[in-house]
Amino acid sequence: MSEEKELFEKIYENLEEVPWNFEKPHDEFIGLIESGKIKPCKALDIGCGTGSYSIYLASKGFDVAGIDTSENAIKIAKTKAAEAGVSCIFLKMDWEDLDKLKEKFDFIFDWRFFQEIIEKERRKKYVELVKKLLNNGGKYLSVSHSEKTRLWGKGKIRTPPIGTTLYFASMEELEVLFRHSFKILEKKEIKLLSRGSGWVAANYLFMEKSSV
């Protein structure tokens, strides 16, 4: 097991100290669903953590699968889904193995996950894999840390107190990255709470798979 994966296993041993772990999905995510912009469909939650977003979608009639590299997170997600009385599929899987999934989806999202992919070429590879997994007309939501946030220093690559290494992008570079594969339907800056640190500026992009 790599040092990075060992770190995440350790992080999920104490949920009260996980900066990004909240039981209720962010209001922006709830608003997206409640608005009807995404109707119940087959959905994939990449970097699902303890499953809060997947479980919420399942409660709204979505057919949901969630993946995460942390075995501890996946175990917790399965327990939470059972307690909530909803059906979700949770898989311990690295994003680089997404091409092993034999099905396609109508909605794919990564909430606070994309910033964990640091290298430019790997970020491009990730976007290509997401596009391949989407059905024609499928929607993709990506929410990741913005370089505008004042937390944890300056620059594109920063290390929060919990020890993870994250990439802080500008909205402009994300548009360049995504526009070859997706039509951007909505973009904005939102705020995410990081437990113990404060508010993090984040880039929110809601997109549709390009037919090209």
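If you scan region 66-92, which residues turn out to be in a strand (DSSP E or B) and either in contact (Cβ under 8 Å) with a residue 40 or more places away in the chain or in contact with a His (Cβ under 6 Å, 6 or more places away or on another chain) (or both)? Give the derivation first.
Filtering region 66-92 for residues in a strand (DSSP E or B) gives 66-68, 88-92.
F90 - this is the single residue of region 66-92 that is in a strand (DSSP E or B) and either in contact (Cβ under 8 Å) with a residue 40 or more places away in the chain or in contact with a His (Cβ under 6 Å, 6 or more places away or on another chain) (or both).
Picking from E6, E13, which residue would you name as being open to solvent by 60 Å² or more (accessible area, probe 1.4 Å), over 25 Å from V127 (Cβ atoms), free of Cβ contacts under 8 Å to residues at least 60 places away in the same chain and not in a loop (DSSP other than H, G, I, E, B)? Step through it out loud before you land on a result.
On the way: E13 fails: not in a loop (DSSP other than H, G, I, E, B).
Selected residue: E6, the only one of E6, E13 that is open to solvent by 60 Å² or more (accessible area, probe 1.4 Å), over 25 Å from V127 (Cβ atoms), free of Cβ contacts under 8 Å to residues at least 60 places away in the same chain and not in a loop (DSSP other than H, G, I, E, B).
Mind checking which residues of region 191-200 are open to solvent by less than 10 Å² (accessible area, probe 1.4 Å) and among the aliphatic types (A, V, I, L, M)? So that I can check it myself, show each step before the final result.
We begin by selecting, within region 191-200, every residue open to solvent by less than 10 Å² (accessible area, probe 1.4 Å); these are 192, 194, 200.
Of everything in region 191-200, those that are open to solvent by less than 10 Å² (accessible area, probe 1.4 Å) and among the aliphatic types (A, V, I, L, M) turn out to be L192, V200.
Go through region 1-26 and count every residue that is closer than 15 Å to T69 by Cα and of a type in the set (D, E). First the steps, then the outcome.
Just the residues of region 1-26 that are closer than 15 Å to T69 by Cα, to begin with: 1-13.
Still in the running and of a type in the set (D, E): 3-4, 6, 9, 13.
Number of matching residues: 5.
Look at region 159-180 and say how many of its residues are farther than 18 Å from N21 by Cα and modelled with pLDDT of 95 or more.
12
For region 146-178, enumerate the residues that are surrounded by 13 or more Cβ atoms within 10 Å (Cβ to Cβ) and under 21 Å from E208 (Cα atoms).
A169, S170, M171, E173, L174, E175, L177, F178
Taking the stated definitions as given, is K209 touching a helix residue (DSSP H, G or I) at 6+ places or on another chain (Cβ under 7 Å), within 24 Å of D27 (Cβ to Cβ), among the charged types (D, E, K, R) and touching a residue at least 12 places away in the same chain (Cβ under 8 Å)?
Numbers: touching a helix residue (DSSP H, G or I) at 6+ places or on another chain (Cβ under 7 Å): yes; within 24 Å of D27 (Cβ to Cβ): no; among the charged types (D, E, K, R): yes; touching a residue at least 12 places away in the same chain (Cβ under 8 Å): yes.
In short, no.
Can you pull out every residue in region 36-56 that is touching a residue at least 12 places away in the same chain (Cβ under 8 Å), of a type in the set (D, E, K, R) and within 21 Å of E103 (Cβ to Cβ)? So that I can check it myself, show each step before the final result.
First pass over region 36-56, keeping only residues touching a residue at least 12 places away in the same chain (Cβ under 8 Å): 37-38, 40-56.
Imposing the further condition that a residue be of a type in the set (D, E, K, R) reduces the set to 37, 42, 45.
Within region 36-56, K42, D45 qualify.
Which residue is farthest from W111 (Cα to Cα), if the candidates are limited to region 51-61 and must be part of a loop (DSSP other than H, G, I, E, B) and open to solvent by 10 Å² or more (accessible area, probe 1.4 Å)? Talk me through it step by step, then tell me what you get.
Quick first cut of region 51-61, residues part of a loop (DSSP other than H, G, I, E, B) only: 51, 60-61.
Imposing the further condition that a residue be open to solvent by 10 Å² or more (accessible area, probe 1.4 Å) reduces the set to 60-61.
Working: K60: 18, G61: 20 Å.
Restricting to residues being part of a loop (DSSP other than H, G, I, E, B) and open to solvent by 10 Å² or more (accessible area, probe 1.4 Å), the top hit is G61.
Restricted to region 97-155, and to residues that are outside any strand (DSSP E or B) and of a type in the set (S, T, Y), which residue is modelled with the highest pLDDT?
Keep residues of region 97-155 that are outside any strand (DSSP E or B), which gives 97-104, 112-133, 147-155.
Then keep just the ones that are of a type in the set (S, T, Y); that gives 126, 149.
Details: Y126: 97, T149: 93.
It comes out as Y126.
The values are calculated or read from the model by the stated rules, or taken from the named source; none is laboratory data. Just so it is clear, the structure is predicted and the values come from calculations on it, not from any experiment. Backbone-built Cβ (ideal geometry, glycine too); neighbour counts: all protein chains shown. The accessibility values were calculated without ligands, DNA or RNA, using every heavy atom of the protein model including side chains. Shrake-Rupley method; radii C 1.70, N 1.55, O 1.52, S 1.80 Å.
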